[in-house]
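One structure is given here, and the rest of the page talks about it.
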Amino acid sequence: MKRRAALALACAAVALAAACGAPAPGPFTVTVSTSDGSPGSASPAGTPAGTPTASAELQAAATALGDQGRGAFADTWAALAVDGANGRVLLYATSGDRARQLIAAARGAHPETAAVEVRVALCTYTAAQELAAVDRIVEAQRTGQILLDVYGVGPSGDGSGVVVHTSAEALQARDFVRQVQSAAGEVPVRLVEGPRAIPA
C-alpha cells in the first residue's frame, strides 16, 4: 500500500487596511463566491494568483481568524489565506452571519488586528466536512475499497470539496472515480493527475 500525504491546496487572500494610531475596525464585506460547490469550479473574484510575503499584521489577523474558525466557529469555517499584494484576508465560510461573528470574536480576542480588512466568500462545505471526506477516502484505499492509486488528497481550499491527486490511468477508470466519490460521500471530489506524493 502506497503512502499518501494530505494535500492542502492554496486558497486565497486578504489585505491590511493600514491605520495610524489606534486602529479603527477594518472593512468587512460579504462576497458571494462564484464557486457553486461543483468539482473544478472557479475561485471568487479577487483571489490572487500569487501572494507576496504578507505583513506581520496580516499574519496576525489570519492567525486570530484561524484560531476562531478551527474552534468555536468550525460549523462555518472553510479556509482562509493572506494576500500580501492586496492587503486583505479572504475568509471562506458557509454562513455570512456566522462569519461576521467569527470576525468579531477574532478582533475581540486580538484588538491589534481590528484594522485588517476581511472579505468573506460564501461556500458550500466546511473544513470539518472536507477533512472528514479526506479521512474516508484514505480509509477506503487502506481497506481496498479504492483499487487504483491515490497519491494525495486534501481540502479544496475554497470550501467546494476535496481534491484527489492520482495517475492518468486512474482518471480514465470509471470504477475508480465512482469508488472515490462513494468514499467521500456528499462532498464533491475533483480528480487531478499527479504528482505522486512524497512519502512522509
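Considering the zone a paramagnetic label at ASP175 would reach in this model (a point 7 Å from Cα along the Cα-to-Cβ line), which residues of region 130-150 have amide N under 12 Å from it? Hits in region 130-150 for ASP175 at 12 Å: 145-148. Backbone geometry of region 64-74 corresponds, through the Karplus equation with coefficients 6.51, -1.76 and 1.60 at θ = phi - 60°, to 3J(HN,Hα) couplings of 5, 5, x, 4, 6, x, 7, x, 5, 10, 5 Hz, x marking Gly and Pro. Each of SER182 and ALA72 was given a label point 7 Å from its Cα along the Cα-to-Cβ line. The distance between the two points is 4.3 nm. Taking amide H positions as modeled 1.01 Å from N, with prolines and chain starts lacking one, the residues under 5 Å from ILE146 and 5 or more places away or on another chain are GLN141. The modelled label-to-label distance between ASP135 and THR63, using points 7 Å beyond Cα along the C-beta direction, is 2.7 nm.
Annotation: peptides 68-78, 159-169, 118-128, ranked by per-residue average of other Cβ atoms within 10 Å with the highest first, follow the order 118-128, 159-169, 68-78.
No lab work stands behind these numbers, since they all come straight from the coordinates. Computed from a predicted structure; not experimentally measured. Backbone-built Cβ (ideal geometry, glycine too); neighbour counts: all protein chains shown.
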